[in-house]
Every structure is written in C-alpha cells, then in structure tokens.
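Shown next, in structure tokens, is the structure this report addresses.
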Amino acid sequence: MKFTYYGHSCFAVETAGKKILFDPFISYNELAKSIDINSIEADFILVSHGHGDHVADLIPIGKRTGAKVIGAYEIVEWAQKQGIKNAHPMNFGSANFDFGRLNFVPAWHSSTLPDGTPGGNPGGFVVHGEKPFYYSGDTCLMMDMKLIPHYAKVDFAILPIGGNFTMDADDAIKAAEFIQCKKVIGCHFDTFGYIKIDHDAVKAKFAAAGIELILPEIGATIEL
Ligand code: NI
Ligand code: MN
C-alpha cells in the first residue's frame, strides 16, 4: 500500500488498485512548491471539511482527473456548483466504494468553505482497503475516537500534530491510545507559524509512548 505526502494534510493512498487523494491543498502551501498539482492522479478525492487549507486545489484536481469527490453533503454541493461532475455526498455514516468500505466519522472542528458557504460538519474517515486506516481530519482529541476500533482495527492513523487549530503531539499520542493504533503519520504541522513543531521533541514524545511516528518528506512516497 503506497502513501504519498503532499504537505499539510494532503496525501494520497493507493489501495485495492485505486488512488485516493485527501484534502487537496498544495499550490498555496509554501512548503509544497516542488509539487506540480497537474501531475497528481486520483480516482477518489476525500474531503474532511471545508477550510481552505483542505480544499484549495479540490476543484482543479477534481475537474482534471474526474475523480469522485466524497465528503459532507454541503461540501459536495458546493463543489458541484463549481463544475465537479463526479461526486458522492455523505453525512456521518458508512458507504461502499470501489476501494472498499468508508466510514465518515465526526471531528471536533469547524467547516466554513473559502467563500463563506457553510460546509456542514467536519469529519474524518476510516478507509477499509488492503489495510484499514483512519484519517481524523482537523480535530481536537475527543472521546468519539474510542469508537474507531468498532469500525476497524486500523493499521495506521493520519493525525494532526501541529496544535493550535487541532491536536498537538501530546493529544495525538492519547488519540492513538483511543484508536488502538501503534503507527501514526503526522500531518497539519509546520505549514504556518501557529503550527510549527520541534521535530526532535515530537519524535521523542512518541518514542517514549511506544508509538511509531512517521513524518514523511513532502513529495515522498512510502510503502505501508
Ligand atoms: Ni480546518
Ligand atoms: Mn486545517
């Protein structure tokens, strides 16, 4: 299973022969200048919530690739008004796709789209592919994470670690405990001043907690 990191909370996972892109925000990310958004292929685009740092490149990538855009009803409707043809609206619940089953689960955050349109409720995803995994989206630590093992024994989790707008490393370590997962890929850090982290300090915290932390380089593809 291939995981490619595009910076901030944007990444792609290849599972069951399908490419799933999450929260496309690349061309406005100063740290991701090396990524050409026109080179990104996708069969599906999953959107956790409506903030600009998660949807900025959704429309151009969605239109070019024809990928199926999946997210909250309000976000999908907003995308369709901007010319996205292939889309699947959800609310918290589960549905089956070509890559496998998908659980759209709550997150504690907000979700206004860049033009001020309400984006419904923010969420995260449990993706059942070759290996089930959880992407929390932007959220603080929350008790609902204790329900994740009900959906799947996840192999890895992509969790924000930058603090301020989301969980920081300490809360992400507690989240990993709630999720019952020993492998975390960190996201939502370093992009802006508010969320810059000390990599060595964060790695040491995870190591002390006995949880593997992966901080992939932007543009890097890793095998999971
Ligand atoms: Ni956000
Ligand atoms: Mn964000």
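Here is a list: SER48, SER111. Which entry is within 16 Å of ligand 1 (Cβ to nearest atom), of a type in the set (Ser, Thr, Tyr) and within 26 Å of ASP155 (Cα to Cα)? Walk me through it before giving the result.
Working: SER111 fails: within 26 Å of ASP155 (Cα to Cα).
The match here is SER48.
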Those residues of segment 51-85 that are closer than 22 Å to GLY17 by Cα, more than 16 Å from ligand 1 (Cβ to nearest atom) and open to solvent by less than 10 Å² (accessible area, probe 1.4 Å) come to a total of 5
If we keep just the residues of segment 124-141 that are open to solvent by 10 Å² or more (accessible area, probe 1.4 Å) and in contact with a strand residue (DSSP E or B) (Cβ under 6 Å, 6 or more places away or on another chain), which is modelled with the highest pLDDT?
-> HIS128
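Could you please find all residues in segment 72-89 being free of Cβ contacts under 8 Å to residues at least 40 places away in the same chain and either within 26 Å of SER39 (Cβ to Cβ) or within 16 Å of the chain's Cα centre (by Cα) (or both)? Don't jump to the end; show me each part of the working.
Going through segment 72-89, the residues free of Cβ contacts under 8 Å to residues at least 40 places away in the same chain turn out to be 76-77, 79-89.
If the condition is that a residue be free of Cβ contacts under 8 Å to residues at least 40 places away in the same chain and either within 26 Å of SER39 (Cβ to Cβ) or within 16 Å of the chain's Cα centre (by Cα) (or both), then VAL76, ALA79, GLN80, GLN82, GLY83, ILE84, LYS85, ASN86, ALA87, HIS88 are the ones that fit.
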With respect to the numbered conditions (1) touching a Phe, Trp or Tyr at 6+ places or on another chain (Cβ under 9 Å); (2) open to solvent by 50 Å² or more (accessible area, probe 1.4 Å); (3) assigned to a strand (DSSP E or B), which one is the sole condition not fulfilled by ASN121?
-> (3)
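Sort out for me the helices (runs of 4 or more DSSP H) sitting completely within segment 1-103 that have 1 or more residues that are closer than 25 Å to GLY120 by Cα and basic (Lys, Arg).
On the way: elements: 52-55, 58-65, 73-81.
Once the helices (runs of 4 or more DSSP H) in segment 1-103 are filtered for at least 1 residues that are closer than 25 Å to GLY120 by Cα and basic (Lys, Arg), what remains is 58-65, 73-81.
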Of residues in segment 91-118 being more than 16 Å from the chain's Cα centre (by Cα) and crowded, with 17+ Cβ neighbours inside 10 Å, the one nearest to ASP53 (Cα to Cα) | LEU113
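The values are calculated or read from the model by the stated rules, or taken from the named source; none is laboratory data. Values in this document were obtained by computation on a predicted structure and should not be read as measured data. Here the Cβ is made from the backbone with ideal geometry for all residues, glycine too, and neighbour counts use every protein chain on show. For accessibility, only protein heavy atoms count, side chains too; no ligands or nucleic acids. Shrake-Rupley method; radii C 1.70, N 1.55, O 1.52, S 1.80 Å.
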